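**Student:** Here it is: the structure, laid out below.
The values are calculated or read from the model by the stated rules, or taken from the named source; none is laboratory data. This one's a predicted model, so the numbers in the text were calculated from it and none came from an experiment. Neighbour counts run over all protein chains shown; Cβ positions are idealised from the backbone, glycine included. With ligands, DNA and RNA removed, areas are computed over all heavy atoms of the protein, side chains included. Shrake-Rupley method; radii C 1.70, N 1.55, O 1.52, S 1.80 Å.
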Amino acid sequence: MSVMGILDRVADVAALDKAITPVRRAVQGVLKPQALRDFLHGTWLGHPLHPVLAQVPVGSWLSAGVLDAVPPLRPAATLLIGTGVAAAVPTALSGAADWAEQEVGVRRLGAVHASANSVALSLYVGSLVARGRGRGGLGRVLSYAGLGLAAGSAAIGGHMSYAQSSGASHAVTAARALTRDWIDLGPLDDFPEGQPALRTGKGEGSAVPLAAVRRGARVDVFIGRCAHLSGPLYEGSVEQVRGNTCLVCPWHGSAFDLDDGEPRRGPASTPQEKLEVRMESGRVMARLPARHR
Ligand code: FES
């Protein structure tokens, strides 16, 4: 079995949930304000914030490891370790916000990722203390141990992103299966006003659900699977969110601007895929935007 296959086995271990459930509840309690959660998710950025922030501790600690190998450069290594320790706090908070809203297998692996990072952070804090007390040798041992652990943990984080699709747009994945041609969604008069309607488009082998919202003579059409975790947007609602008319996902409440698909409320941090629309003899026609064709 590959190393990554072992990680999948860990994601299958339901016994972890006993420890995870109270921690998840605590994270949700601490990060209760929606504005704080949205900031940490990266909803304002249109991209998950956690992998952006993670560059700082990982990059700082890796660079410190190189500088520590050159004796005259060790003071600079200490500065970089301190930078990484400081950056680890907001990085962990953004990761925790995402983790609490992920599906069960990602939460299990995420718990391992967070535990390894916490130990790595403790080793780096210990390293700073040791260096401050003039025990440079011990400081370097602790920081190299922290680097090894942080690197392993970063690999787990990569597996969560690439193999478990956490943080990836599930709407983009669904869009790839949709035909590149114009899709006839039926007469405009058949669309209900101001609420999502389910339509389907031809896909590779199976139909792809679409969520269409009519506002007067205008219809906005989106991939029907939510960018966050594939929730059924066509079963959602249309609401005003922060002054924008949004399509709201029924699963975790992500809100996507009807005008451009941008997320206005998380946990989604990426836009919802929106189709081009034109009217033809009173019928609504839609097709994927040019980036998919
Ligand atoms: S699936 Fe989570 S908000 Fe839509």
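**Student:** How many of the residues making up region 63-86 are touching a Ser or Thr at 6+ places or on another chain (Cβ under 8 Å) and under 19 Å from ARG133 (Cα atoms)?
**Tutor:** The number of residues fulfilling the criteria is 6.
**Student:** Of everything in region 129-143, what is assigned to a helix (DSSP H, G or I) and either closer than 22 Å to LEU7 by Cβ or open to solvent by 50 Å² or more (accessible area, probe 1.4 Å) (or both)? Give them in sequence order.
**Tutor:** VAL129, GLY132, LEU138, ARG140, VAL141
**Student:** Cβ contacts < 9 Å: first residue assigned by TED's automatic domain parsing to the domain that holds GLY105, restricted to region 229-241; second residue open to solvent by 30 Å² or more (accessible area, probe 1.4 Å) and within 8 Å of the ligand (Cβ to nearest atom), any location; separation 6+ or different chain. Result?
**Tutor:** Close Cβ pairs satisfying both conditions: none exist.
**Student:** Give me a count of the residues in region 232-252 that are within 11 Å of the ligand (Cβ to nearest atom), crowded, with 16+ Cβ neighbours inside 10 Å and within 23 Å of GLU193 (Cβ to Cβ).
**Tutor:** Result for region 232-252: 6.
**Student:** Does CYS226 satisfy being touching a residue at least 24 places away in the same chain (Cβ under 8 Å), crowded, with 19+ Cβ neighbours inside 10 Å, within 12 Å of the ligand (Cβ to nearest atom) and under 29 Å from GLN164 (Cβ atoms)? If you could, list the steps in order and put the result at the bottom.
**Tutor:** Numbers: touching a residue at least 24 places away in the same chain (Cβ under 8 Å): yes; crowded, with 19+ Cβ neighbours inside 10 Å: yes; within 12 Å of the ligand (Cβ to nearest atom): yes; under 29 Å from GLN164 (Cβ atoms): yes.
The answer is yes for CYS226.
**Student:** Condition check: within 18 Å of ALA174 (Cβ to Cβ), surrounded by 22 or more Cβ atoms within 10 Å (Cβ to Cβ), among the aliphatic types (A, V, I, L, M) and within 9 Å of the ligand (Cβ to nearest atom). Does ALA268 satisfy that? Explain how you work it out, then say what you get.
**Tutor:** Working: within 18 Å of ALA174 (Cβ to Cβ): yes; surrounded by 22 or more Cβ atoms within 10 Å (Cβ to Cβ): yes; among the aliphatic types (A, V, I, L, M): yes; within 9 Å of the ligand (Cβ to nearest atom): yes.
Criteria met by ALA268.
**Student:** Being of a type in the set (A, V, I, L, M), touching a Gly at 6+ places or on another chain (Cβ under 8 Å), open to solvent by less than 20 Å² (accessible area, probe 1.4 Å) and farther than 22 Å from LEU49 by Cβ, is that true of even one residue in region 80-95?
**Tutor:** no
**Student:** Sticking with this one: Pick from region 206-223 the residues that are surrounded by fewer than 17 Cβ atoms within 10 Å (Cβ to Cβ) and more than 13 Å from ALA174 (Cβ to Cβ): which of them is nearest to the ligand (Cβ to nearest atom)?
**Tutor:** Restricting to residues being surrounded by fewer than 17 Cβ atoms within 10 Å (Cβ to Cβ) and more than 13 Å from ALA174 (Cβ to Cβ), the top hit is ARG215.
**Student:** Inside region 160-195, can you point out the residues that are under 30 Å from ASP98 (Cβ atoms), open to solvent by 80 Å² or more (accessible area, probe 1.4 Å) and either part of a helix (DSSP H, G or I) or not assigned by TED's automatic domain parsing to the domain that holds LEU247 (or both)?
**Tutor:** TYR162, THR173, ARG176
**Student:** Can you tell me which residue is nearest to THR78 (Cα to Cα) among those in region 113-122 that are open to solvent by less than 40 Å² (accessible area, probe 1.4 Å) and hydrophobic (A, V, I, L, M, F, W, C)?
**Tutor:** Among them, the one singled out is ALA120.
**Student:** Can you tell me which residues in region 257-284 are over 16 Å from the mean Cα position of the chain (by Cα) and aliphatic (A, V, I, L, M)?
**Tutor:** Correct list: LEU258, LEU275, VAL277, MET279, VAL284.
**Student:** Filter region 75-104 for residues that are within 16 Å of the ligand (Cβ to nearest atom) and polar (S, T, N, Q) and give the result.
**Tutor:** Just the residues of region 75-104 that are within 16 Å of the ligand (Cβ to nearest atom), to begin with: 97-104.
Within region 75-104, GLN102 is the sole residue that qualifies.
**Student:** Right, here's the next one. Does region 182-192 contain at least one residue that is more than 30 Å from VAL58 (Cα to Cα) and free of Cβ contacts under 8 Å to residues at least 24 places away in the same chain?
**Tutor:** Yes, there is a match, as at least one residue in region 182-192 is more than 30 Å from VAL58 (Cα to Cα) and free of Cβ contacts under 8 Å to residues at least 24 places away in the same chain.
**Student:** Just a yes or no: is a residue in region 196-212 among the acidic types (Asp, Glu) and not in a loop (DSSP other than H, G, I, E, B)?
**Tutor:** no
**Student:** So which residues in region 20-43 are basic (Lys, Arg), more than 17 Å from HIS113 (Cβ to Cβ) and touching a helix residue (DSSP H, G or I) at 6+ places or on another chain (Cβ under 9 Å)?
**Tutor:** The one that is basic (Lys, Arg), more than 17 Å from HIS113 (Cβ to Cβ) and touching a helix residue (DSSP H, G or I) at 6+ places or on another chain (Cβ under 9 Å): ARG37.
**Student:** OK, next. Failed condition for VAL277, given (1) open to solvent by 40 Å² or more (accessible area, probe 1.4 Å); (2) in a loop (DSSP other than H, G, I, E, B), with all others met?
**Tutor:** (2)
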